[in-house]
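Read the figures in this text as sums done on the coordinates, not as results from a lab. Predicted model, so just to flag it, every value in this text is computed and none were measured. For neighbour counting, all protein chains shown are included, and Cβ atoms are generated from backbone atoms with ideal geometry for every residue, glycine included.
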Amino acid sequence: MRLKKYLFLLCIPMSGWAQQVPSTMLLQDGIHHWNLLHPNRSYMRYAETDYENIADNLIAYQNLDGGWLKNIDWLGVLNSDSVKATLNDFEKQSTLDNRNTFSQIEYLADTYVLTNKLKYRLAVEKGLDYLLDTQKENGGWRGWDVDAVTFNDDVTTGAIELCRNILQGDKSFLWLDKKYLDKIKIAYIRGINLILKTQYIQNGVKTVWAQQYDNVTLEPVKARSFELPGLTAWESSNIVLLLMGIENPSNEIIQAVHDAVNWFKKSAINGIRIQQIALNKDKIINQEYPYDNVVVEDVNAKPIWSRYYELSDNKPFMVKRSGEKVWKLADVNAERRTGYDWYGYWPQEVLDNYPKWLKKINRNTTVH
């Protein structure tokens, strides 16, 4: 999912007048994971128009360090203390995993500019303090599963994009004082430099990015057992979209986009599509995925990409839960076939926007 900023969602209440409310789009990943863990749900939920109640939920779940625990139904009408009581100490920790923390910061900032209520501003500042304090010296942020620079779940990408948006005039953050803006600028520069350093060089040619990198060597590393080092189409797409959204990019950033686009074009897979096959009730492992994913040959299928490619030769691969590398989706455990995105169309958004981006930079810069 691209971390595209939608400040407001337009709704028309019964009275007929238009009201702007913050979008919950960036909060949906956490809600999805909550649903996976809680298949039987019967509680009430707030509507998107109940944005102050949703924002109050976010404050209720904000940790003392300023960050947020992950995988909560942020729209659920639930007692936050009761929810936390079901979690162990590790699960209560703040994290950016599953597109967390930077999403709550954005939502609360949107709510603050609509309400001008101090509690939302203070929660945003606490969240920014956490985000800035947890950035690594190398410019990245760690994930949940491994202490490494993490692009999976847009951990580092989302934090950098938030910084970029703020510095480029995001209207929900115009109230930030110079103290914060100076810190955010430093964090942003470090983050962009990290992205440029970690673009993988294969046989002398720059390609795209891996999911995780060693904190010191900046070499690709594994996270969970089925997340092995490899070039990744999904996470790299969001990195490129982040770079393409930079105003007045440097020549180095421009070249990074060109190189990644070339790799996306070369690594596209033609002639197949992924089909969801409905399962009998006794075969369903998780009610959120009541189907199996099957590779189907189709000469008319649009280009698709593998989640992972070999670092050495771009061969697509998949991984069993045990950590065993395989090259066919059918060889992946049934639970992982549906519970993880092994194929997708993520780079297509990059390729669709590339011509427009080229025109923009050609008007504003000279590429050598």
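Please order Thr232, Thr198 by the number of other Cβ within 10 Å, starting at the fewest.
Thr198, Thr232
Report the FRET efficiency, 1/(1 + (r/R0)^6), for Lys281 and Asp341, where r is their Cβ-Cβ distance and R0 is 25 Å, rounded to 0.05.
Calculated value: 0.55.
If you bin the C-alpha pair distances of region 232-323 every 10 Å from 0, what whole percents do you get?
Computed distribution, short to long bins: 13, 31, 31, 17, 6, 1.
Round to a whole angstrom and tell me the spacing of the C-alpha centers of region 249-277 and region 55-85.
37
Using 7 Å Cα-to-Cβ label points, what is the Leu358/Arg45 separation (nm, one decimal)?
The modelled label-to-label distance comes out at 4.2 nm.
Quote the FRET efficiency, to the nearest 0.05, computed for Leu122 versus Ser225 with a Förster distance R0 of 41 Å and r equal to the Cβ-Cβ distance.
0.50
Counting other beta carbons within 10 Å of each Cβ, put Trp34, Trp305 in order, fewest first. Walk me through the intermediate numbers first.
Numbers: Trp34 19, Trp305 22.
Least crowded to most crowded, the residues run Trp34, Trp305.
Quick one: Trp68, Trp342, fewest Cβ neighbours within 10 Å first, how do they rank? Please list the in-between numbers first.
Details: Trp68 24, Trp342 21.
Lowest count first: Trp342, Trp68.
What percent of all Cα-Cα pairs in region 200-368 falls into each 5 Å bin, going from 0 up to the bin containing the maximum distance?
Going from the shortest bin to the longest, the percentages are 1, 8, 16, 17, 18, 15, 11, 7, 4, 2, 1, 0, 0.
Count neighbours as other Cβ atoms within 10 Å of each site's Cβ, and list the trypsin sites (Lys or Arg not before Pro) in region 306-367 that are DSSP loop with at most 12 such neighbours.
For trypsin sites (Lys or Arg not before Pro) across region 306-367 that sit outside H, G, I, E and B with at most 12 neighbouring Cβ atoms in 10 Å, the list reads Lys328.
Counting other Cβ atoms within 10 Å, keep those with at most 11, restrict to DSSP loop, and tell me which GluC sites (Glu not before Pro) in region 216-325 are left.
Numbers: sites: Glu227, Glu235, Glu247, Glu252, Glu288, Glu297, Glu310, Glu324; in loops: Glu227, Glu247, Glu288, Glu310, Glu324.
Taking region 216-325 and a limit of 11 other Cβ atoms within 10 Å, the loop GluC sites (Glu not before Pro) found are Glu247.
What is the packing order of peptides 108-116, 278-286, taking the mean over residues of other C-beta atoms within 10 Å and listing the highest first? Mind dumping the intermediate values first?
Working: 108-116: 21.2, 278-286: 10.9.
With the highest mean Cβ count within 10 Å placed first, the list reads 108-116, 278-286.
Going by average Cβ density within 10 Å per residue, which order do the peptides 90-97, 311-318 take, highest to lowest?
So the order, starting with the most tightly packed, is 90-97, 311-318.
Please give the per residue volume of the convex hull enclosing the alpha carbon atoms of region 102-144, rounded to a whole number of Å³.
Working: hull volume 2.8 nm³, N = 43.
Spread over its residues, the Cα hull of region 102-144 gives 65 Å³ apiece.
For the chain, just list the percent of Cα-Cα distances falling in each 10 Å bin from zero outward, please.
5, 22, 31, 27, 13, 2, 0
Taking 10 °C and 1.306 mPa s as the conditions, I'd like the Stokes-Einstein D for region 240-284 in µm²/s, using the Kirkwood hydrodynamic radius from alpha carbon pairs.
Values: Rh = 14.0 Å.
Value of D from the Cα-based Kirkwood radius: 114 µm²/s.
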